[in-house]
Amino acid sequence: MDIHILSVVPELLESPLQHSIMKRAQDKGLLTVQVHHLRQWAVNEYGQVDDYQFGGGAGMVMMCEPLARAIEALSAEKPFDEIIYLTPDGERFNQQIANGLSLKERLLFICGHYKGIDERIREHFVTRELSIGDYVLSGGELAAAVITDAIGRLLPGVLNDETSALFDSFQDNLLAPPVYTRPDEFRGWKVPPVLLSGDHRKIEEWRHDQALKRTEQRRPDLMD
Ligand code: ADE
C-alpha cells in the first residue's frame, strides 16, 4: 500500500511512522509512506499557502490553489483510491474504517491547519473526511499518523501470528481481555489460575468471558 500525506509541518510525521511495526512494514516493502510539504505548491516565493477568511474572523484558511495543484500533481502519477481530509468534523474513525482502508492501494491524507482548508477543496477533491475523536488537534498530522498506524498493522505480512490483529480489541466489537506475564506472583498479586492450567479450551473461554465483562463495563455502547 502507498500512503501519501500532504502537510505544512512534515516534521511532525518524521518519528511516529519510522519505528516499531510501521518501520517493519516499510522495511518489508508492504507499505510506503511519503510525506509531501505543501509549500512546494505555494502561491508565491514566500511560501504562502494560507490566507484570511472571507467574511472576516480570526484564523487563516488553507488556500485552494496550493492544495489543488498538489493533489493534481500527486494524482498524475496514479489516481488515489481515496483522498482523505483529516478534520474534527469528519466521520469518526474506528476499527471498521481501518479494516476497509487497509484493502485500498493508494491513499492521500490532507492535514489541515489554522481554520482548515477552503471548502471548495473539500467539495471537489476530497472523497472522505475522518476525525480521530471529539477534540481539536493543532493540525491533522497526528491524526494522519494514527490512521496510518491503524491501517499499516493490518496489511498482510506486517504482523506475525503472535501479534495478529485478529485478536485486537474491537476486531469482534469486544475489548481485549487482561493479559499477564511472569512472575506468576508479584507482591502477593496472583495471576488467574486458569491461565496457568494449560487447558487451552478453558483459557479461551475465560478470555472471551473477560472480554465480554470488560466491554459491558467500559463500553456498553459496543454491546448493541
Ligand atoms: N484535525 C484537528 N483535530 C482533528 C481530529 N480530532 N481528528 C482529525 N483531524 C483533526
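Some notes on this structure:
- Over the chain, DSSP H runs of length four or greater, each weighted -39,500 (n - 2.57), average out per residue to a 222 nm ellipticity of -9000 deg cm²/dmol.
- Taking the Cα centre of the stretch 151-224 as reference, the dipole from Cβ charges on Lys and Arg (+1) and Asp and Glu (-1) amounts to some 300 debye.
- Within the chain, antiparallel bridges make up roughly 20 percent of the DSSP beta bridges whose residues both belong there.
- Charge dipole (debye, nearest 20) of the chain; +1 at Cβ of Lys and Arg, -1 at Cβ of Asp and Glu: 640 debye
- The distance separating the Cα centre of the stretch 19-63 from that of the stretch 157-224 comes to 39 Å.
- Share, in percent, of DSSP beta bridges within the stretch 1-119 that are antiparallel, nearest 5: 15 percent
- Partner aspartates and glutamates whose Cα lies under 12 Å from the Cα of residue 78, excluding those fewer than 8 positions away in the same chain, are identified as 2, 105.
- Where chymotrypsin sites (Phe, Trp or Tyr not before Pro) in DSSP loops with at most 10 other Cβ within 10 Å are excluded, longest remaining stretch of the chain: 136-224
- Top of 87, 127, 181 by mean-square fluctuation, Gaussian network on the chain, Cα under 10 Å: 181
- Given charges at Cβ of Lys, Arg, Asp, Glu: the stretch 169-223 dipole, positive-most of 188, 206, 223: 188
- C-alpha long axis of helix 200-218 to longest principal axis of the chain, angle in °: 50 degrees
- Lysines whose Cα lies under 21 Å from that of residue 23, excluding same-chain neighbours fewer than 8 positions away: 104
- Linear extension gain, residue 160 paired with residue 190, 0.36 nm per residue minus alpha-carbon span: 7.9 nm
- Partner lysines for residue 213 [C-alpha distance under 21 Å; skip if fewer than 8 residues away on the same chain]: 190, 202
- Build a GNM of the chain with springs between Cα atoms under 10 Å apart, and of 140, 198, 188 the one that fluctuates most is 188.
- Computed from Cα atoms, the angle from the helix 64-77 axis to the main principal axis of the chain rounds to 60 degrees.
- Scattering from the chain was approximated by placing one identical point on each alpha carbon and applying the Debye formula without solvent; log10 I(q)/I(0) at 0.09, 0.17 1/Å stands at -0.48, -1.21.
- Among 136, 175, 154 the positive-end extreme of the charge dipole of the chain (Cβ point charges): 175
- The region of the chain that goes longest without hitting one of the trypsin sites (Lys or Arg not before Pro) in a DSSP loop, each with at most 16 other Cβ atoms within 10 Å, is 29-103.
- Residue order, fewest to most surrounding Cβ atoms within 10 angstrom, among 20, 169: 20, 169
Rule-based calculations on the coordinates, nothing more; no lab input. As the structure is a prediction and not an experimental result, all values here were calculated from the model. Please note: Cβ atoms are built from the backbone with ideal geometry, for glycine as well, and neighbour counts cover all protein chains shown.
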